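Working notes, structure below.
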Amino acid sequence: MSTLRLEIVTPEHKVYEKDVNMVVVKGVAGELGILPNHIPLVTPLKVAPVKAKIGNTNEFIAVHGGFMEVRKDKVVILAEAAELESDIDVSRARLAKERAERRLAQKQADISAARAELALQRAILRLETVHEREQQHRNQ
Ligand code: ATP
């Protein structure tokens, strides 16, 4: 099966670099499945899990927005932050989610509410990414 190289890079480090069979992302216009030899493309990404398909297994990476550039045999994702599913601390994400929800429940339309909204989005993404992996294990 042919492969393409997937790289996920943040300002701090390279989070992921592997040869994969397919990459599935959520672009701003919807879900995109990228196979080797895809036409070149650049798109902003939604805050969503990225799926890397390698043979019969899928790996998930929490990607906090950013951009994807597709070249012939390479996909580069540049994001402000990204975490491998295996690096996600679920209880930390649950606590962050509860904290953000509590702040939002106070209904202050100010900067702290906007911050809480972003923190909530990050926590949900982390939990969603772990959930995707668990679903995948259940289906195997
Ligand atoms: P928290 O309130 O728990 O710190 P946060 O969303 O404010 O969460 P960020 O500022 O987005 O945290 O991230 C700070 C660093 O911690 C980043 O390197 C990020 O990858 C990492 N990180 C945050 N939450 C988790 C988590 N649940 N599991 C693993 N790494 C995390």
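Hey, any hits in the stretch 31-50 for a residue that's assigned to a strand (DSSP E or B) and polar (S, T, N, Q)? Quick ask: steps written out before the conclusion?
Within the stretch 31-50, the subset assigned to a strand (DSSP E or B) is 31-34, 41-45, 47-50.
So of that shortlist, the ones also polar (S, T, N, Q) come out as 43.
Yes, some residue in the stretch 31-50 is assigned to a strand (DSSP E or B) and polar (S, T, N, Q).
Going through the stretch 89-140 one residue at a time, which ones are under 21 Å from residue 46 (Cβ atoms) and among the β-branched types (Val, Ile, Thr)?
Those that are under 21 Å from residue 46 (Cβ atoms) and among the β-branched types (Val, Ile, Thr): 124, 129, 130.
Taking the criterion of being under 18 Å from residue 117 (Cα atoms) and within 16 Å of the ligand (Cβ to nearest atom), would at least one residue in the stretch 12-25 satisfy it?
Applying the first criterion (under 18 Å from residue 117 (Cα atoms)) to the stretch 12-25 yields none.
No.
With respect to residue 78, is the statement that it is loosely packed, with under 13 Cβ neighbours inside 10 Å and over 18 Å from residue 135 (Cα atoms) true?
Working: loosely packed, with under 13 Cβ neighbours inside 10 Å: no; over 18 Å from residue 135 (Cα atoms): yes.
So residue 78 fails the test.
I'd like to know if the stretch 55-75 contains one or more residues that are more than 17 Å from the chain's Cα centre (by Cα), of a type in the set (A, V, I, L, M, F, W, C) and buried (at least 18 other Cβ atoms within 10 Å of the Cβ).
No - not one qualifying residue is present in the stretch 55-75.
Looking at 133, 99, 126, which is the one that is surrounded by 14 or more Cβ atoms within 10 Å (Cβ to Cβ), more than 8 Å from the ligand (Cβ to nearest atom) and not assigned by TED's automatic domain parsing to the domain that holds residue 32?
Only one candidate qualifies: 133.
The values are calculated or read from the model by the stated rules, or taken from the named source; none is laboratory data. What you see is a predicted model; the values in this text were computed from it and never measured. For neighbour counting, all protein chains shown are included, and Cβ atoms are generated from backbone atoms with ideal geometry for every residue, glycine included.
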